[in-house]
Amino acid sequence: MLLTLGPVVAVDRLGGEGVWVLLQQAGAIGLLAGSLLAARARPRRPVLLGNLALAAYAAPLLLLAAAAPAPVTVSAYCLALIALGFLNPVWETVVQGQFPPEVLARVTSYDWLMSLGAMPLGYALAPLAAGAWGAPAPLAVAGALVLVACVGTAAVPGVRRLGWPAPAPPAVAEPAPAGR
């Protein structure tokens, strides 16, 4: 919804094309900052923290629905992408430590399918929903769904307990053969 209806709202109600460009640039900076944060931060429950932080993605959707002032919406999108930038590498690292190598490709394939599979449907339905109810309604519904999905994921006991993979034991050097 955001990538389909966001530009329309930015142009029509927030000040023009420049607002949409600024929003996208702020998101790119946020994504980079979140990725850098993920390389440094080591919270005890990284997937739980990442999913709760990702609930911030609801804010730009809801702010676009309300046609909030551009600086507020741009800032919210930057924060949302910081959360996404943090969650992505953390999730990939934790998944790699939780599954044996022989099934990892299947697990990540299903993960990406579920993560990205609905995007074409959203691209197709967003203009139809906006045509029927106006842009604010589908943006608000999408914001509510993001909140429900993030909080629902955080409510799963396995997600709450999921931590970093155990570090690999250090390699032991073999002694040199006698006579060397």
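Identify the residue in the range 65-81 that is part of a helix (DSSP H, G or I) and in contact with a Leu (Cβ under 7 Å, 6 or more places away or on another chain) and, among all such residues, is surrounded by the fewest Cβ atoms within 10 Å (Cβ to Cβ). Full working, then the answer.
Pass one, the range 65-81, residues part of a helix (DSSP H, G or I): 65, 70-81.
Subsequent filtering for residues that are in contact with a Leu (Cβ under 7 Å, 6 or more places away or on another chain) retains 65, 70, 72-74, 76-77, 81.
Values: A65: 22, A70: 19, V72: 14, T73: 26, V74: 23, A76: 23, Y77: 26, L81: 25.
The extreme case among them is V72.
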Completion exercise
The condition from (1) surrounded by 21 or more Cβ atoms within 10 Å (Cβ to Cβ); (2) in contact (Cβ under 8 Å) with a residue 60 or more places away in the chain that R45 misses is numbered (1)
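For S115, state whether it is among the small types (G, A, S) and modelled with pLDDT under 90.
Values: among the small types (G, A, S): yes; modelled with pLDDT under 90: yes.
Against the criterion (among the small types (G, A, S) and modelled with pLDDT under 90), S115 qualifies.
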Exercise for the section: With the condition kept exactly as written, say whether any residue in the range 52-59 is closer than 16 Å to Y77 by Cα, without any contact (Cβ under 8 Å) to a residue 60 or more places away in the chain, buried (at least 18 other Cβ atoms within 10 Å of the Cβ) and touching a helix residue (DSSP H, G or I) at 6+ places or on another chain (Cβ under 6 Å). Expected result: yes
Fill in the blank from the handout: Among the residues of the range 135-150, the number that are surrounded by fewer than 21 Cβ atoms within 10 Å (Cβ to Cβ) and over 12 Å from L64 (Cα atoms) is 5
Practice task
Among the candidates L62, L145, L128, single out the residue that is in a helix (DSSP H, G or I) and either over 18 Å from T4 (Cα atoms) or touching a Gly at 6+ places or on another chain (Cβ under 6 Å) (or both).
Solution key: L62
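Would you confirm, using the coordinates I've provided, whether G163 is at pLDDT below 95, more than 17 Å from the chain's Cα centre (by Cα) and either more than 25 Å from R40 (Cα to Cα) or of a type in the set (S, T, Y) (or both)?
Considered against the rule, which asks whether it is at pLDDT below 95, more than 17 Å from the chain's Cα centre (by Cα) and either more than 25 Å from R40 (Cα to Cα) or of a type in the set (S, T, Y) (or both), G163 comes out as no.
The values are calculated or read from the model by the stated rules, or taken from the named source; none is laboratory data. These figures come from a predicted structure and were not determined experimentally. Ideal geometry is used to build each Cβ from the backbone, glycine not excepted, and the neighbour counts take in all protein chains shown.
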